[in-house]
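Single-structure report; data block below.
The values are calculated or read from the model by the stated rules, or taken from the named source; none is laboratory data. Treat the numbers as computed from the prediction; the structure is a model and nothing was measured. All Cβ positions, glycine included, derive from the backbone under ideal geometry; neighbour counts span all protein chains shown.
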Amino acid sequence: MKEYHISKKYTDKQMENMANTFVTRSKIDHFIDEDADIYSEDGKLLAKFRKNVLSENVLNQFYDATYTFTLKAITANRGDATGSKKRNLRENPRVHSAILGYFNRWAPKQKIAFRNAGIRAPLEVRETRFSMEHPEKFKQTFPLLRQINQKYQSLLPGHFKKQNKKAKNTLFKIPQTSFTTITTNINFQTAIHKDSGDDEEGFGNLVVIERGNYDGGETCLPQYGIGINVRQKDILFMDVHEWHGNLPIVKKNKDAVRLSVVCYLRKNVWKRTKQMTFKKKKKHLNTLRKIKYNSKSKTKKSFIPIL
């Protein structure tokens with residue numbers, strides 16, 4: 001395994017000016033495609049990368065459970081990661097991106113639904129649509145998520161311990177993991193951005209599941225001029241509060257798929273539900289499932305929440 005100590009190629013001010021733009025190969029001096037620990041020149045851990053450490057069968061199981069849902073989950077609500085500086089969702093780029101597990105914000109349609117139903121919005125923690133409507137498929141994702149969690153514990157025990165301590169305080173999480181939430185993306189080139197909403201004491205991760213052939217898609221830390229070639233069976237742990245984005249995905253055949261998987265603990269899910277009992281959790285989720293309304297007639301008649 002190699003160890004890298006890398007100085008910044010661009011200043012913080014230069015990176016702020018690059019935010020919401022896309023990484024180009026000219027910004028990257030070195031690509032990493034081997035086991036590596038990567039540090040800044042002052043010793044801060046930036047990333048740990050391990051190749052061929054995940055099981056093919058659990059990757060396939062996860063893919064089969066989530067691919068169709070993610071493909072249909074076309075959203076304009078991915079913020080700076082899309083490269084758009086606009087705040088009007090109607091004008092933002094649409095990407096194939098889904099959220100699984102638990103989340104801590106109501107969608108605009110949900111807020112309208114509560115208002116039309118004449119009820120006060122419940123505690124702002126919810127199941128995602130995938131988890132609620134496809135519980136068996138949701139369970140099929142657990143083996144991969146637990147394998148990621150095990151690698152997290154073994155490679156980054158300090159960060160894991162802090163995050164897992166929080167996860168143990170909430171029932172709104174993936175069982176036997178330190179994660180509340182998963183994001184899946186299909187062929188999504190993210191612009192230069194920093195993550196938000198996750199546990200700041202934790203450490204980010206990335207897994208890629210592939211179908212067909214493609215070039216590119218390397219995950220980059222452009223401030224340091226490095227790119228990491230995360231492919232099938234690899235796992236990358238990285239500081240997602242550093243500037244990052246990925247290079248374009250160039251398909252070699254039209255059906256090529258790069259399904260990226262990111263697991264994390266949503267800070268506000270934990271804050272709002274820590275120490276909540278199983279009984280209260282069940283009551284809360286049942287409340288959300290039972291709400292009925294019709295957006296046109298404003299009656300409690302036919303509500304199916306879009307989560």
Next item on the list: Taking Phe160 as the residue in question, decide whether it is touching a strand residue (DSSP E or B) at 6+ places or on another chain (Cβ under 6 Å) and buried (at least 21 other Cβ atoms within 10 Å of the Cβ).
Entry: no
Note to self: For the stretch 106-137: of the residues being small (Gly, Ala, Ser) and outside any helix (DSSP H, G or I), which is surrounded by the fewest Cβ atoms within 10 Å (Cβ to Cβ)?
What the structure shows: Gly118
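Please work out which residue is modelled with the lowest pLDDT, limiting yourself to the stretch 92-105 and to residues that are under 20 Å from Asp198 (Cβ atoms) and not in a loop (DSSP other than H, G, I, E, B).
Going through the stretch 92-105, the residues under 20 Å from Asp198 (Cβ atoms) turn out to be 95, 97-105.
Now restrict to residues that are not in a loop (DSSP other than H, G, I, E, B): 95, 97-103.
On the way: Val95: 79, Ser97: 91, Ala98: 93, Ile99: 94, Leu100: 96, Gly101: 96, Tyr102: 95, Phe103: 94.
Restricting to residues being under 20 Å from Asp198 (Cβ atoms) and not in a loop (DSSP other than H, G, I, E, B), the top hit is Val95.
Only strands (runs of 3 or more DSSP E) wholly contained in the stretch 233-290 count here; list those with 3 or more residues that are over 18 Å from the mean Cα position of the chain (by Cα) and either within 28 Å of Val95 (Cα to Cα) or modelled with pLDDT of 95 or more (or both). First the steps, then the outcome.
Values: elements: 235-238, 249-251, 257-264.
Answer list for the stretch 233-290: 249-251.
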Checklist line | Test: Lys137 is of a type in the set (Lys, Arg), within 25 Å of Lys267 (Cβ to Cβ) and touching a residue at least 24 places away in the same chain (Cβ under 8 Å) | finding: no
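If I filter the stretch 204-212 for residues that are in contact (Cβ under 8 Å) with a residue 40 or more places away in the chain, more than 23 Å from Arg50 (Cβ to Cβ) and acidic (Asp, Glu), do I get at least one hit? Please lay out each step first, then the result.
Step one: list which residues in the stretch 204-212 are in contact (Cβ under 8 Å) with a residue 40 or more places away in the chain, which gives 204-212.
Next, only the ones that are more than 23 Å from Arg50 (Cβ to Cβ) stay: 212.
With acidic (Asp, Glu) added as a condition, the list becomes none.
No: zero hits.
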Checklist line | Residue ID - nearest to Asn57 (Cα to Cα), chosen from residues in the stretch 184-213 that are at pLDDT below 95 and among the hydroxyl-bearing types (Ser, Thr, Tyr) | finding: Thr190
Note to self: So, in the stretch 54-71, exactly how many residues are aliphatic (A, V, I, L, M) and either more than 22 Å from the chain's Cα centre (by Cα) or under 23 Å from Leu247 (Cβ atoms) (or both)?
What the structure shows: 3
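Restricting attention to the stretch 140-155, does a residue exist that is farther than 30 Å from Asp37 by Cα and at pLDDT 95 or above?
Within the stretch 140-155, the subset farther than 30 Å from Asp37 by Cα is 140.
Going one step further and asking which of them are at pLDDT 95 or above, we end up with 140.
There is at least one residue in the stretch 140-155 that is farther than 30 Å from Asp37 by Cα and at pLDDT 95 or above.
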Check: How about the stretch 1-68: which strands (runs of 3 or more DSSP E) wholly inside it have at least 1 residues that are without any contact (Cβ under 8 Å) to a residue 40 or more places away in the chain and crowded, with 17+ Cβ neighbours inside 10 Å?
Finding: 36-40
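Condition check ((1) of a type outside the set (S, T, N, Q); (2) outside any loop (DSSP other than H, G, I, E, B); (3) surrounded by fewer than 18 Cβ atoms within 10 Å (Cβ to Cβ)) across all residues:
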{"residue": "Lys139", "(1), (2), (3)": "yes, yes, yes"}
{"residue": "Tyr152", "(1), (2), (3)": "yes, yes, no"}
{"residue": "Phe172", "(1), (2), (3)": "yes, no, no"}
{"residue": "Ile182", "(1), (2), (3)": "yes, yes, no"}
{"residue": "Asp195", "(1), (2), (3)": "yes, no, no"}
{"residue": "Glu201", "(1), (2), (3)": "yes, no, yes"}
Margin query: Against the conditions (1) more than 18 Å from Thr181 (Cβ to Cβ); (2) modelled with pLDDT under 95; (3) under 22 Å from the mean Cα position of the chain (by Cα), where does Gly216 fall short? Just the number, please.
Written below: (2)
Check: When residues of the stretch 264-287 are filtered for being closer than 15 Å to Thr128 by Cα and touching a Leu at 6+ places or on another chain (Cβ under 8 Å), how many remain?
Finding: 2
Next item on the list: Test Val207 against the criterion of being under 17 Å from the mean Cα position of the chain (by Cα), part of a loop (DSSP other than H, G, I, E, B) and among the aliphatic types (A, V, I, L, M), and give yes or no.
Entry: no
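Go through the stretch 219-232 and count every residue that is assigned to a strand (DSSP E or B) and over 15 Å from the mean Cα position of the chain (by Cα).
First, the residues of the stretch 219-232 that are assigned to a strand (DSSP E or B): 219-221, 226-228.
Imposing the further condition that a residue be over 15 Å from the mean Cα position of the chain (by Cα) reduces the set to 220-221, 226-228.
The qualifying residues number 5.
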Note to self: Given (1) of a type in the set (Gly, Ala, Ser); (2) within 15 Å of the chain's Cα centre (by Cα); (3) outside any loop (DSSP other than H, G, I, E, B), identify the lone condition not met by Ser178.
What the structure shows: (3)
